[in-house]
Every structure is written in structure tokens, then in C-alpha cells.
Amino acid sequence: MSKHVQRLILGLDFLFNTLYIEEIFIHTFKQLSMKININAVHFTADGKLKDHISEKLSKLVKFYDKLLGVEVFLKLENSGQVRDKIVELEAKLPGKTIFASATEKTFESSLDAAHEIIVRQLKRSKEKFKQAS
């Protein structure tokens, strides 16, 4: 193999690696720039729960990269002897806000259910945005 071909291969390899690193940087920056506010209503949320919520919701930018931020409301519902856990999500998009709410026995399962709802809505919003453009 000639030196010119080797240089070309090395140059292309460098270019692809640079583009890949740039893509990772942009994605990470978007995750960091999205604001997540967690509000525990009438109780104090555990640090591990807040970390879990932040970690899970920071990945929402994969579904809609123009996502500005997410407000999270954690509530306890007294229904009989068991206290249900409610998670409400409010995702802010440019010119629009979408909502999701779920009630389960644990905050983690409520978050999972509300997350699924918000992901569906984000995908739908992204499709509508693409069709309008």
C-alpha cells in the first residue's frame, strides 16, 4: 500500500473520530443545558430519588433535541391505607408545553409510566414539527 493511500486512510479515520466525538459532545451539552426542576409537594424527596429522576429525564433530549426543560412534581395521594405516589411531568418546548401524569405504588414506577407518556408525546411533536417544515 502506498504512502499516499495510508495517509488518506489515516486522515479519514481521524475525520470520522473527530465527527463522532463532536456528536457526543453536542449530545452531552444538550443534556446538560436542559433544565430539570424537581418539586416534592408537602414532603422532602430523597437524594437518590432526585438523582434517579434527573438521570432518566436527561435522556429525553434524544427524542426531541429542542426540549428546553422539564418540571417534575412529586405528590403523595392518600387513598385509604396505601399512599399512592404521583409523578407529574411538564416538558417545555419552544412555543408549547406538554404534560404527563402517572400514579403508582412507588415513585420509580410512576416515573417510568409518566416517562413513557412524555416520550410518546415528544415523538409526536417532533413528527408534527418535521411535517410542518
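Read the figures in this text as sums done on the coordinates, not as results from a lab. From a predicted model like this one, the values you see are computed outputs, not experimental measurements. FYI the Cβ positions are ideal-geometry reconstructions off the backbone, even for glycines, and counts take in every protein chain you see.
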Set K35/K85; K35/K123; K62/K85; K48/K128; K50/K130 screened for pairs whose C-alpha atoms are more than 31 Å apart: K48/K128; K50/K130
Given R₀ = 25 Å, FRET efficiency for E116-L68 by Cβ-Cβ distance, to 0.05? 0.75
Efficiency by 1/(1 + (r/R0)^6): what FRET value for N78 and K126, r their Cβ-Cβ distance, R0 = 35 Å, to the nearest 0.05? 0.40
Plugging the Cβ-Cβ distance of S109 and A45 into 1/(1 + (r/R0)^6) at R0 = 25 Å yields, to the nearest 0.05, a FRET efficiency of 0.95
